[in-house]
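The values are calculated or read from the model by the stated rules, or taken from the named source; none is laboratory data. Nothing here was measured: the structure is a model prediction, and the numbers come from that model. As a convention, Cβ positions derive from the backbone with ideal geometry for all residues, glycine included, and neighbour counts pool all protein chains shown. Surface accessibility is based on the protein's heavy atoms, side chains included, excluding ligands, DNA and RNA. Shrake-Rupley method; radii C 1.70, N 1.55, O 1.52, S 1.80 Å.
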Amino acid sequence: IATALATNSEGIWASDFRPGGIVWKDIEGKALPFQTREEIEEYLRNAEVISIEGTPEGTNSPKKTLLEQDGIRLYACFRHVRVDQKVMRLGSGKVHYDFRDDAFFEVAAYELAKLLGFWNVPPTVLRKVRGQHGSLQVWVQGAIMEKSRRNDKLNPVNQWRWAMETIQMRLFDSLIYNDDRNLGNIIYDADWNLWMIDHTRAFRKHSQLKEPELVSACERYVWNRLTELPDEAFHETLSPYLRKAEINRLLQRKEKLVRLLENLIEEKGESRVLFTLWTQSPKPGR
């Protein structure tokens with residue numbers, strides 16, 4: 001990744017990909033008519049639930065849900081986990097304090113991603129499905145998981161783009177203190193776009209960054225948002241999904257992330273730390 005960042009000229013990716021160019025697909029693989037993320041969100045909130053079934057993947061029993069409205073059929077992922085424990089020992093044996101595993105965090109991750117300019121968290125909303133409150137997220141059609149990519153020894157053609165997406169994922173996970181990034185919740189669509197899903201174990205009440213040693217660079221638009229947005233914007237965006245203490249800890253981590261990146265820029269130079277994935281700010285896009 002470091003080599004890719006050092007050897008690639010700024011903006012090379014902008015000509016072949018933009019967040020606004022993402023095309024969501026129905027259950028038959030046909031492009032959906034939605035022009036903005038807001039249209040997709042509205043569909044997720046209001047479409048009729050046709051069927052719901054379990055999936056073999058995921059630590060908290062996500063459900064593959066078929067939706068339909070105005071002749072449009074779309075798969076979505078429904079999560080309804082709501083665990084809140086002072087002390088929790090997971091299967092790994094690690095003890096967690098003030099442990100929350102919450103579907104509301106899935107929506108918080110999406111809304112934070114939108115606020116900062118990360119395009120690669122699928123549209124997600126709060127929704128009550130068959131009596132249970134949880135998160136409903138667009139299902140990425142035809143996606144493969146990172147563990148399948150490794151097992152099948154598959155590599156994207158655009159290695160630099162892949163490296164930059166991985167850098168962004170690590171930065172995002174460090175910021176939200178995601179305890180559960182694994183080979184099953186890093187997925188790729190047919191165009192090798194990396195998507196980040198399953199954030200129900202994020203937003204821990206830690207003031208320190210999660211694995212700051214993995215943060216090596218930042219996309220320029222995201223950097224501008226991190227340094228320019230007032231704290232009030234984070235509170236306004238996230239208060240429907242996070243507790244006040246969780247937002248305050250997030251803001252403390254944001255300040256540490258900014259300082260970390262400032263130090264990297266001073267040490268390595270801006271061109272080695274900040275990179276451009278698109279030539280303009282992300283569109284609401286599909």
Seminar exercise, completed: Computed over the chain, the relative contact order (Cα-Cα under 8 Å, seq sep at least six) in percent reads 24
Exercise. What order do you get for 35-47, 222-234 when each peptide is scored by the mean count of other beta carbon atoms within 10 Å, highest first?
Worked result: 35-47, 222-234
Problem set entry | Charged-residue dipole, Cβ positions (Lys, Arg, Asp, Glu), the chain about Cα centre, Debye nearest 20 | 700
For this session: Count the lysine pairs in segment 197-286 whose Cα atoms lie under 16 Å apart, taking only pairs 8 or more positions apart in sequence or on different chains.
Result: 6
Seminar exercise, completed: Expected sort for 182-190, 147-155 on mean C-beta neighbours within 10 Å, highest first, is 182-190, 147-155
Seminar exercise, completed: Of the DSSP H helices in the chain, the ones reaching 30 Å or more along their long axis in Cα terms and averaging at least 0.5 in Kyte-Doolittle hydropathy are none
Problem set entry | Carbon/sulfur fraction of accessible area - segment 147-286, other protein chains in place, 1.4 Å, % | 43
For this session: Compute the accessible area per residue over the chain, keeping the other protein chains in place, probe 1.4 Å, unit Å².
Result: 47
For this session: Quickly estimate the mean residue ellipticity at 222 nm for the chain, helices only: each DSSP H run with n ≥ 4 gives -39500 (n - 2.57), and the total goes over all residues, rounded to 500.
Result: -10500 deg cm²/dmol
